Protein chains: 2
Amino acid sequence: MLKPDKRDEILRAALELIAEYGFHGAPMAMIAVRAGVGAGTIYRYFENKDVLINELYRELEDKIREYILPGYSTERPIRERFVHLNTKLFRFFIEFPLQFRYLEQFHNSPYGAAYRRDKILGESDEKDVFMRLFEDGLAQQVMKDLPILILFCLSFGPLITSMRDHILGFISLDDIMIERITEACWDGVKR
Amino acid sequence: MLKPDKRDEILRAALELIAEYGFHGAPMAMIAVRAGVGAGTIYRYFENKDVLINELYRELEDKIREYILPGYSTERPIRERFVHLNTKLFRFFIEFPLQFRYLEQFHNSPYGAAYRRDKILGESDEKDVFMRLFEDGLAQQVMKDLPILILFCLSFGPLITSMRDHILGFISLDDIMIERITEACWDGVKR
DNA sequence: TAATATGGAATGAACGTTCATTCCGTATTA
DNA sequence: TAATACGGAATGAACGTTCATTCCATATTA
């Protein structure tokens, strides 16, 4: 019987190594060593490296959703929802920097491009929380009359860029700074 | 005598292939074929792949400076300077999408991290145009009282993110959209 | 001028290394 | 004991880089 905890060890090891060294700097053999399993064992849990990478991404997405959604309500005012999601995202990434770096690696690769194409153009059954927020912001005329994707860029661009600098140690993001950046982003998207 | 145009061909080929396939998806052999030279010839012009990659980045930086600086004056009002640089940067990247993608690849790699560390922490002799703009904006109390790097993130985060979506074909950045995004970024950084 | 010699640029096959993946003998489980 | 999981050596493909050789523009010679 395949053990779930061995699978988790492999995923954890892959996350750590890929976050630090990138996809090409994290060979399967190295992942195996860090996970404390044989190289061949990985292939009992994941068909190949691509599958492992994509699986890791999917689980990460779930983890993020679980982290940011509690306390979030589409009934609240747009501005409050915006601040909630932005702040929680910042907090998540600061608490889990390896996860942030993994996401960065993923998005800046063919994996990420393909995934994003699916998400934006594809007919997803359940709409993204963020999509929904910007749609509502537009409908209520609280946000600037810009394409939703642009509103996206205006709030997540600074988030990602500043997180990167935080992780590299160039700036330090404490709660106050997070709040001020979020406010500045709001100034950017609000009408 | 080593021919400059052969060197240029190699740089051009490397730019195209790395922009499209990433550092690891662009083998030297492939670069050689596209440049129309023998594989070994590259090593007559560049010590190794790392040197080639860094040289390409440095030339790209020069090209950008030459593109955005004409018509720019530190004597003008902060807001005008901000709009000038942002707009020119957008235009450059839209006109030269391969260059944008190369920059992206570079920044999301150990090359970029090392480079950025030097630039931010190092004692550069000449100050960056952008650094200077934000310093002036702070001094004149026109911009929000935030660390310079944060102001940076607030304006370049959206630029980079929206350029990425533009290149992937998810949005279309025309002059009007550029202006509106730049305005929104200004709303983000202005006091 | 014609014929030959020279030296550096260009070449691409070959090398050593690294990697993802497979294979199979052993250990573990039921 | 039979079936399944495991480990890590083996494999072959792909890569960056090297180097013995070829090519060619120029210099030298007769």
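Laboratory data are not the source of any read-out in this text; all were calculated from the coordinates shown. Every value quoted in this text rests on a predicted model; they were computed, and no experiment measured them. Glycine also receives a Cβ, built like all others from the backbone with ideal geometry; neighbour counts cover every protein chain displayed.
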Enumerate the residues in region A:1-34 having an amide nitrogen under 15 Å from the point lying 7 Å beyond the Cα of A:E59 toward its Cβ.
-> A:2-19, A:31-32, A:34
Counting other Cβ atoms within 10 Å of each Cβ, which trypsin sites (Lys or Arg not before Pro) in region B:78-152 have at most 15 and sit in a DSSP loop?
-> B:K127
Where in region A:105-122 is the amide nitrogen less than 20 Å from a point lying 7 Å along the Cα-to-Cβ axis of B:A114?
-> A:105
Could you pull out every residue, at least 5 positions away or on a different chain, whose amide H is within less than 5 Å of the one on B:M143? Hs are placed 1.01 Å off N in the peptide plane, and Pro or chain starts have none.
-> B:L138, B:R191
Spatial separation of Cα centroids for region A:83-140 and region B:70-135, in angstrom | 26
Label geometry 7 Å along the beta-carbon vector: B:D136 inter-copy distances in nm = 4.2
Region B:163-177 - phi-based ³J(HN,Hα) in whole Hz, Karplus 6.51/-1.76/1.60, Gly and Pro as x = 4, 4, 5, 4, 5, 6, x, 7, 9, 10, 8, 9, 4, 5, 5
For the protein assembly as shown, what is the Kirkwood estimate of the hydrodynamic radius, computed as the reciprocal of the mean inverse distance between distinct Cα atoms, to one decimal in Å?
-> 22.6
Taking GluC sites (Glu not before Pro) as exposed when DSSP calls them loop (any state but H, G, I, E, B) and at most 16 other Cβ atoms lie within 10 Å, what is the longest stretch of chain A free of them, the sites themselves excluded?
-> A:127-191
Among the lysines in chain B, how many pairs, 8 or more places apart or on different chains, have alpha carbons under 28 Å apart?
-> 19
For B:V142, placing the label point 7 angstrom along Cα-to-beta-carbon and taking region B:68-90, residues whose amide nitrogen sits under 14 Å are B:72-86
Net charge of neighbours whose Cβ lies under 12 Å from the Cβ of B:E104, counting Lys and Arg as +1 and Asp and Glu as -1 = 0
Quick one: with label points 7 Å out along Cα→Cβ, list the inter-copy distances for A:E47 in nm, shortest first?
-> 4.4
Diffing region A:96-102: the Karplus 3J(HN,Hα) column from phi (6.51, -1.76, 1.60, θ = phi - 60°), in whole Hz with x for Gly and Pro, holds 10, x, 4, 4, 4, 5, 5
